[in-house]
Every structure is written in structure tokens, then in C-alpha cells.
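The values are calculated or read from the model by the stated rules, or taken from the named source; none is laboratory data. What you are looking at is a predicted structure, and each value in this text was computed from that prediction instead of being measured. Glycine also receives a Cβ, built like all others from the backbone with ideal geometry; neighbour counts cover every protein chain displayed.
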Amino acid sequence: MTEVKRVFTVDGKPFFPIGAQSQTSSAYNDSESEQSFKAIKLLHGNTLITDVYWEQLEPQEGKFDFTAVDALLASARRYGVKLILLWFATWKNANMDYAPEWVKANPKRYKRAMAADGSDLWVLSSYCKANLEADKKAFAALCKHLKAKDSVEHTVICLQVENEPAISGTDRDYRPEAQEVWNSPVPAKLMASMKAAGKGEPYDCWQRAGGKKSGIWPEIFGLAARDMVSAWSIATYIDSVAEAGKTVYNLPMYINAAVGAFGAWRGPVPDEIFCSGEPVPKVLDIYKWFTPHIDLIAPDIYTPNSTSYEAECAVYARDDNPLFLPESGHGGCHIWNSFRAIANYNLTGYFFFGSESIVAEDGSVRPEAKNLVDTFRCAAAVIPLLLKYQGTGKVHAVVQEDYTVQQWLAFDGYLGRIQFGAGRMGGGASKDWRHSGGQFTPREQAPDTNRGRGLVFQTGKNEFYLVGANYRLFLRPKYSPDKKQPLVFHDNNVPGRQFSIDEGHFDQQGKFVVDRRRNGDNISNGLWVEPDIGVLRVRTCD
Amino acid sequence: MPKVNRVFKVNGQPFFPIGSEDCYAGYALRDGEEEFAFKSLSLMHGNSMAMPIHWDAIEPEEGKFDFTSLDSLIANARKYDIRLIPLWFATWKNGAIGYTPAWIKSNPKRFKRTTDAMGKELWSLSPHCQATLEADKKAFAAICEHLKAVDSVEQTVIALQVENEPDVVGSDRDYTPEGDAAFNSAVPALFVTAMKKQGKGQIYDLWQQAGGKESGTWSEVFGGAAEAGNFMEVWSIARYIDAVSQAGKAVYDIPTFINLWGKHGLIDSEMFMDLYRWATPHVDIIAPDNYHHDSRGYEEFCAIHTRDNNPLFMTETSGDQNMYRAIADYNCIGVHFGGIEHMVDENGIVLPENKPIADNVRCVAAVIPLLLKYQGTGKIHAIMQEYAMGGQWLRNLDGYIGVVQFGGGRSGMSPTDFRHRRNQITAKGFGDNNARGLVIQAGKHEFYLVGVGWRICLKPKLAPDKNRTSLSPGDLVFDQIQEHYLSVDEGYFDKKGKFVVTNRRNGGHVNWGLWVEADIGVVRVLLCD
């Protein structure tokens, strides 16, 4: 049993934000953002993640324009959704695209990161004080404005500080200020934090490099020093921006990281470079140690295969860091893996990237987005159960993996068999080798997108809630030698043990409201779910 | 670095079996079909065949043995230079009695059957019946005696599987008086000692929760847990098989193994594995029948059956791409995919739908000398295209980072050579013909590649003060022109394990990445600083 830390709250109550993130030019004006708000309603979501652009907020140094922010607040209230705002400022995907023109045009004052050959990069340097002060000032102004406009309604529930911060185009910053840090002793706080942790990637890099008590960055970390110094520098910078904002208006804040590499992330990362300083698993500890004003570090997960997806969840779901997905993919395994993130990694909020893309011209859901929308609809339908049962071991993910036709679930007092698709053997029951249907012929792959998927909650010894698509559950009481019950797992539920089976939904107060009862033929072939039936409540008796 | 226990040997030399498990065959094969299976496997580059020998064929009358079927298998194996693993279908075949001789089946008074809690007799022999055990032991020993006589020099037969997927089906345990007596007896010291020695696992945890008593009945030791009866029964079956194996080994010292089908709704696969491994000191391997096609399920099953005291042997599996991970990450010592019989047409040509499996056999067979040398050293890396993956990073190479692209490369149209069509595997696609294979680092600057449908770029890891741009996932530089190749050669390993070059690659054939396909053999890459 793990206590799930709820960073997101509304009016002091835990809140599970769910929805989508708009694309990166959608928040400049009302007409562009409209489509995103429509998308959240189509998703059955409750929150839109969208942007605030430094260049638009502070077009001239010290002159702020909140028109776009006010428009977002107004639209959100009109649509009845909450907002998470992304502060696109010093960093957006490891470059400075959203910095104001007066910053971009003045590289003498607002210094850029430098490659080893001395060339300027299109990235602001984290070692330049002027950059930090300008960013802090603008962010504090944003927070002050939000406090004035939103401290009663609480439409904005959280802020993301920067976006996928890192330095692209070099393995580290080589400008003189950075070189000075590189050749200075590693800060005592970092040394002490590693020592106290006694494990983790920075610790391992330090040990591999000889475990020296003190020294300059390359002496302490060897090859990995490039990533470590950039992470330390960027983390400290962003924490300082966050602090400037929080002092004005106390909202939760987070940093996001581009972690997916080529769709194949497996296991720990040795000494190689990605975008230098990105809050990837290798340097996550450093970010956690040097961002006391940041509530969580969130991975943007786009990896398409289950094992890599889960490996990423496992790294970011820590006792000191609840898992939150501000961005994720919208196809492939993202349609089913999120249920595993919810059940096994206590995901505290769930978004995909590119809200606009699900909306058809007539305002309906585009057909190719239906499976994704169904997934969000299912997750949104059980939010009261998520808030109550995540971390208790009572939430079980149903996921149809490649080529699988069934899945087993162990419940308290019950054994569950989930059946996907057509049937138990999927037509593979063996005849002989001369005839088709032999068990060794290549298996039929599971459906490409509409996989069996969802969640099963056991809320009491004899009470279950089911939500999802394309699966049916068979429950059998666990074997007990005294009962003399048959051991064969029949494809029907034990007669007489299903007390009541109801389709329904949770109301605003989190109370389950029955919409329709099921009985007879509709329950004798398993407890089936589809996204449009809502939540299925199953009560059994001994 | 784990030491790999090479159970399979030929004339004292380690042997890596790669081939087929033909479980419906044997006496059921029509004229010529048996030979056809061997011929097909040989065409597929396999080196090992597992085929059943049936108790009812070997001992049709009690005490009268007929080894015709076994001799025929041995003769065919020798003809095609394939090693043989006979599967002893006797007391258990998939938990049932099917292959026992008529004189056993028709005499349930003497050869007692398992009875369920309601008193119903099941189509399964009781492991608590001494007469059945003695009969099985006698027959198995006779087989070993025969093998000793006909095969101890040539060693065509490299191992024996004792029974097949043994289990009790339809009850948690045997409720005959003998079964009750076993359940109500003290748990064996061997069991308690082994459980304590292991000191972890689901059974151990259950025992600890029940108070960790070292003596008492099965029910007492497990605090009345519902699983206790099934633990006793599985343990008894395993002990029975150990005795059969012991009787055979006493006559002819040959490796033996048991194959398991995993969880069955009463206890989990890990519990099965614990009970079997603890109960069978006279059995060399407990081997999983791994029919999981999803990589998660497959790997979980590998992990459960790989232990310091149990090398992983994939005795029945589908032959899909997962085998590369079993070989690279779990030091799998042999792979038998199920069902050679229907993979080829009457001319021995692999049917199109089975080509991916045949390619896997060919690729693995091509690098056997490297597997025998480098498994367990961390130098073997699996390439495996999981769902919708476009590529893969190899991060743990010594001094290099491997950037692997699936299918036609980043552009989708990167060239191979004139013999191979471009873009055979789509990067986003997923099916039986995914990109797959092995990268083996034999030295700091020496790599061997084998597989299907991918290409690799080897990027040197540079010291901190050397200038390099970042390797960002979205901005991958795939510039082979800058790679420091000494030589890139296609080739194969000869009988002595020496690499023989058949074709050199250079220029346009290396600039787009080092690509592999099943029919080009092994690619050797030598680089320099």
C-alpha cells in the first residue's frame, strides 16, 4: 500500500486531471484555442493543457500583455474545464524559439550556449544571470496576474515551468561562464546528496569514475560529467524561476522531460549524451535534489512498445515523485498502456499531445481517433475510484498484449480470467499437424488499435467495478478444498453467485448511480464492458 | 558473470541444440513422414530434433520391449546429421494417461488413477501408486539400456525428456487413500531443506506467513492454505519423475529434463518451478514450454525458469523473435520450436507463413560458436522490434553506442545490395517478420551481426573533452561515411568454429548502415580508433 501524493487539487480536494495538450501554436488567440477546448469535451476530459508564450506575454521588455491568458481563462470557464499552463520561455524543446525578440536580438546581454568549437547555439545559456533574471521577472508577472484573476475560481490548477529544457547541438555549454563552473569543485550539496542516497545513476557514475571525495566535475563524474553539470545548471535555473512565481502565487509546478529515445528505452542509461541536461532518468536524481520549488518531474512518453513504456513509468514513479503524463502518444500502445500506468504506477494525471487532431470538421470525433477517445472516456468514468483506490493494490489493469487472447487476474478471494476477442483459444484448438488450427501455426495478432483494455477495481470482498473496451471477465471463487467445487474454469460465471450486475456512472458527489440492470442471457457469458456502457458494478455473494 | 551450465554435450564438447519439437509425431507418422521431418529440419539449418517415444509402442505387453520406433528415429537423425532428444511419453502426457500401454489403462486396480474430492476417478495415473512407478521405471531403464548399447559411441541422442507436461488435471490432489495418506504425512525433509535454502519465492513467503514450522503435515506447515494439497500433489509427481530419471541414469548417464506448462489456475508458474526444481536432484533441467508471443509474458516465463541451478532450455516454443532475447539476456542453452511437420511443402520448401521461424533457426545456427563462447559474458545483445518500434539503441557496448534502425532505415529506402529488395520490413509494422537478431561484441573493435531486417551504426563513445554534437533522439545522425571500418565481411563459421569470409562489403554497401538478412550469414565488422 502506497500513499499516492496528489499534487493536483481543486478547492483543496484531490483532483485527477485528464485531457489533452494543445499543439504549440494554438494559444496565441481565441479562434486557435477553440478547437482544443472542444476536444476536451469530446474526450470526456476535465482539463486542457495549453501554452503561455513569453514572446507574446512580454513583447517589449517590462511591458506585459495578458490578453491571450485572459482569453484562455474565459474559454476554460465557458467550457467548464480546468487549465494547466505551460510556460514556454527560456527553453522549449532545448531551444529558445519562444523567447521575445528583444531577447533573441541581444545575444551580448542574453547569452547563448556555446559549442566546443566556439559557435553560438540557438539555446539560451543557463549560466547567464541576465537570462535568469528576465525569465523570473516575466514568470512572476504571469503568476501575479493569475492570482488577481483566478485565486477564487481556481481555473488554473498547475503550471509547467519551461518545456523539455536541455541544450541541443552540443554535449555541454562551453561558454566561459560554463567553463568556469566545469573547472570548479562539484557543489558540496550535490556530493552530500549522492552520499546520502548511496545509489542511483549519479551515484553510480561517481563511483565508476573513482568515487573521489571532492574535485571538479570531470574528476567526480568522468564521461558523465557533461550531462551532470548541464542538469545541475538547468535544474537550479528553473527552480529559481519557479520560486519567483510561487512566492507570488502558490500553484503546483512541474518540469517535463523528453525521455523516449527512438522507441526503445530499456533499462539504465550509461555514459552517453542525449540533449544535454534534459531531466532524463540518468540525471533525475539531480533534478529532484535541486528543485525544491518544483512538485514533480514528468516524463513525456511517446515510446510505442509496452516494455519500454513501463520502464519509463517505473523510473518516474517514485516516493518523492508521483507519476504524471503531461504528454503522451495518441496511437499504438498508448491506447492501452495508460491503464497499466494508472493501476501499477499510480498515475496522477493523464494527457495526450495534440488535442486538436481528434476533432472532425463537423465537430465530432474523427473516426481514426475513436479508440483513443474511448480510452480517455473509460479512465474519466472511474475518477472517483482512482482517487480512492490507487495505491491500495485494488486497481487491476486489463491489457491485451500482442497475440494474447486472455489474461489472469488475482483478486482477494477470487480468480479472474479476462477473455479478449473471439474466444478462449482464438480458433487455435489443435487438430493434427496436417490440418489448420494446429497450435504452432502463426498466431493471429491482437487488433491493431481496439485492444481489450481497461480497469477492474475490487472495492470489497464481493464488489467489483469494471470499465473498458473489448473484454469480458469471468470470476471464480478461489479454490477451497472443503467446498468440493469443480476445478475447471468454465466460460460462465458460477451460477447463483452473481448478486447484482448494474451499468451506471458516478455523479458529481462520487456516488454510483445505476442506469441499467443486467441479468439472464446478458450476464451468462461473462462480465463484458464497452466504453459507451459506462461503469459496470458487479456484486457477488458467497 | 554467470557461468553457463552446458547440459548438452556431444563427445564431451558443448553443444547448442537448435531445432524442432515434434510432439504429435512418432508412431502416428505415416510412411516416410518421419524422415521428411528430419530432412526438412536439415534444410532449415537445424541441428537437433525432439521426438516422442511412446510407452504403448515400446512396451506393448508387460516386460516385452520393442525399440523399433526409437531405432528408426536414431537412424533418421544420423542420416541427416541431426542430434536427437527423445521425449518419454509415459505416465504423463499433458497431465493425462493417453500414451500408457493398454495393460496399464485396463488395470486400474493395480495401476491406480487419481481421484478427485467428489470421489470421481480421473483419466490420470496417481503418483502415489508404487506399482505404476515401478512399471514406468522399468520401461525407462530398458530404454536407457538400449541407448547405451546402440548409441554410446555415436551419441546421436543427447538428452531425454522424462514424461511430458506432467500435472494433475481436474483436482487439486489425489483423494485416494494413498493420496490422503501422503497429504496427512509429515512434509519431507528434502522439501523443507530446499525451501529454506532458497529463502524466497511465493511458496517460501506462504510458509513464513504460516509461521515457518519445519515439521507437520502439508496443511499444518502451510497454515491450512488452500494450496497445500496441490503443493503435495505436484511435489509427489516431481519426486516420482525424479525416481524414473534416476532409474534411467543408473543404467546410462545421459542428461534428462522435465517440461512444464506453467500455471493452471491453482498455483502460479513460479510455484511449479520451485516444487519441481527442489524435488528432482536426478533431473538436469526443468524446462518451460514457452508459448507466450508477447514479449512481456515470454520474458516473465524465461525469468521464472532461469536460475543458478537451472539453465534455461526452451524445449517447446513458437520459434518467434523472442528467442533472441532468451539467448542474449537469459543465456538460453537451446531452442526447440514446436512443429516442423507442417512448416514445409512436399518438396521440403519452407511454406511462406513459416519463413520467419525458419530464418530464426538459420540465424541462431549461424552463430553457435559465438554463443558457446560469449553467453554469460554480457557481450551478446538482442535486437528485437517490439510493437511499433522504429529502431533500438544498444547502450551497453564496450566503447560504442549501437544505433539500430529497423526496416529500410530512416529514409525507408536505404540500400542493401542487389540481391535483397529494399524496405522489406516496414519500420512501423508489426507481425511475425519483425526485425530481430543478435549483435555480439567479440573485442573492443570486433563485432558479429546476424538477423533479419535491421541495420546498425556503431558510434564511438568519446572522452568529455572531445567535441561531439549530442545524439538526440529526434535528430539522429546516421552518417556511416564517418565510421572507421577496417573491414566489413559476410561469412560463416566452419566446423572448427573459424570464421570464413564469403564476401566483402565496402562503399555504398556500408555507408547506409551495417545491414543483415537471414541468407547472408554472419557479418563481421572490424573497426579502429
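Need the failing condition index for A:HIS330 against (1) closer than 22 Å to A:GLN160 by Cβ; (2) away from chain B (no Cβ under 14 Å); (3) touching a Leu at 6+ places or on another chain (Cβ under 9 Å); (4) of a type outside the set (Gly, Ala, Ser), just the number.
Exception for A:HIS330: condition (2).
Based on this model, can you work out whether B:GLU178 counts as surrounded by 22 or more Cβ atoms within 10 Å (Cβ to Cβ) and among the acidic types (Asp, Glu)?
Criteria not met by B:GLU178.
Within the stretch A:222-244, track down each residue that is at pLDDT 95 or above, over 13 Å from A:VAL280 (Cα atoms) and of a type in the set (A, V, I, L, M, F, W, C).
A:VAL229, A:ILE238, A:VAL241, A:ALA242, A:ALA244 - these are the residues of the stretch A:222-244 that are at pLDDT 95 or above, over 13 Å from A:VAL280 (Cα atoms) and of a type in the set (A, V, I, L, M, F, W, C).
Looking only at the stretch A:185-222, filter to residues that are surrounded by 14 or more Cβ atoms within 10 Å (Cβ to Cβ) and of a type in the set (Ser, Thr, Tyr); which one of those is farthest from A:ALA314 (Cα to Cα)?
A:SER193
Could you run through the stretch A:329-368 and say how many residues are touching a Ser or Thr at 6+ places or on another chain (Cβ under 9 Å), surrounded by 23 or more Cβ atoms within 10 Å (Cβ to Cβ) and within 15 Å of A:SER36 (Cβ to Cβ)?
3
Would you list the helices (runs of 4 or more DSSP H) that sit entirely within the stretch B:319-414 and hold 2 or more residues that are of a type in the set (D, E, K, R), within 13 Å of chain A (Cβ to nearest Cβ) and within 25 Å of B:ARG296 (Cβ to Cβ)?
Helices (runs of 4 or more DSSP H) meeting the threshold: B:322-329.
Checking A:ALA89 against (1) in contact with a helix residue (DSSP H, G or I) (Cβ under 6 Å, 6 or more places away or on another chain); (2) part of a loop (DSSP other than H, G, I, E, B), which test does it fail?
(2) is the only condition that A:ALA89 fails.
Name the residue, out of B:GLU227, B:GLU300, B:GLU233, that is out of contact with any His (no Cβ under 8 Å at 6 or more places or on another chain) and at pLDDT below 95.
Of the residues listed, the single one that is out of contact with any His (no Cβ under 8 Å at 6 or more places or on another chain) and at pLDDT below 95 is B:GLU227.
Which residue pairs have Cβ atoms closer than 9 Å, lie 6 or more positions apart in sequence or on different chains, and pair a first residue in the stretch A:405-419 that is part of a loop (DSSP other than H, G, I, E, B) with a second residue that is among the hydrophobic types (A, V, I, L, M, F, W, C) and modelled with pLDDT of 90 or more?
Once the first residue is part of a loop (DSSP other than H, G, I, E, B) and sits in the stretch A:405-419, its partners that are among the hydrophobic types (A, V, I, L, M, F, W, C) and modelled with pLDDT of 90 or more give A:PHE411/A:VAL456; A:PHE411/A:PHE464.
How many of the residues in the stretch B:176-212 are of a type in the set (Gly, Ala, Ser) and closer than 29 Å to B:CYS129 by Cα?
Count: 7.
Every residue in the stretch A:171-213 that is under 18 Å from A:VAL280 (Cβ atoms) and basic (Lys, Arg), please.
Selection gives A:ARG172, A:LYS199, A:ARG208.
Okay, residues lined up against (1) within 16 Å of B:VAL244 (Cβ to Cβ); (2) not in a loop (DSSP other than H, G, I, E, B):
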{"position": "B:THR132", "(1), (2)": "yes, yes"}
{"position": "B:ALA135", "(1), (2)": "yes, yes"}
{"position": "B:LYS138", "(1), (2)": "yes, yes"}
{"position": "B:ILE143", "(1), (2)": "yes, yes"}
{"position": "B:LYS148", "(1), (2)": "no, yes"}
{"position": "B:GLN155", "(1), (2)": "no, no"}
{"position": "B:VAL169", "(1), (2)": "no, no"}
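Hey, B:LYS93 hits all of (1) within 14 Å of chain A (Cβ to nearest Cβ); (2) within 22 Å of B:HIS146 (Cβ to Cβ); (3) buried (at least 22 other Cβ atoms within 10 Å of the Cβ) but one; which does it fall short on?
(3)
Pick from B:LEU133, B:LEU125, B:LEU190, B:LEU160: which is buried (at least 22 other Cβ atoms within 10 Å of the Cβ), more than 14 Å from chain A (Cβ to nearest Cβ) and under 30 Å from B:GLY216 (Cβ atoms)?
B:LEU125
Has the stretch A:171-189 got any residue that is modelled with pLDDT under 95, within 14 Å of chain B (Cβ to nearest Cβ), touching a Leu at 6+ places or on another chain (Cβ under 6 Å) and farther than 30 Å from A:PHE16 by Cβ?
No: zero hits.
Being assigned to a loop (DSSP other than H, G, I, E, B), surrounded by fewer than 24 Cβ atoms within 10 Å (Cβ to Cβ) and more than 14 Å from chain B (Cβ to nearest Cβ): is that true of A:PRO292 here?
So A:PRO292 fits the description; yes.
Being among the small types (Gly, Ala, Ser), surrounded by 23 or more Cβ atoms within 10 Å (Cβ to Cβ), in contact (Cβ under 8 Å) with a residue 12 or more places away in the chain and in a helix (DSSP H, G or I), is that true of even one residue in the stretch B:214-223?
Scanning the stretch B:214-223, I find no residue that is among the small types (Gly, Ala, Ser), surrounded by 23 or more Cβ atoms within 10 Å (Cβ to Cβ), in contact (Cβ under 8 Å) with a residue 12 or more places away in the chain and in a helix (DSSP H, G or I), so the answer is no.
Can you tell me how many residues within the stretch A:295-308 are closer than 16 Å to A:PHE353 by Cα and within 14 Å of chain B (Cβ to nearest Cβ)?
Residues meeting the conditions: 6.
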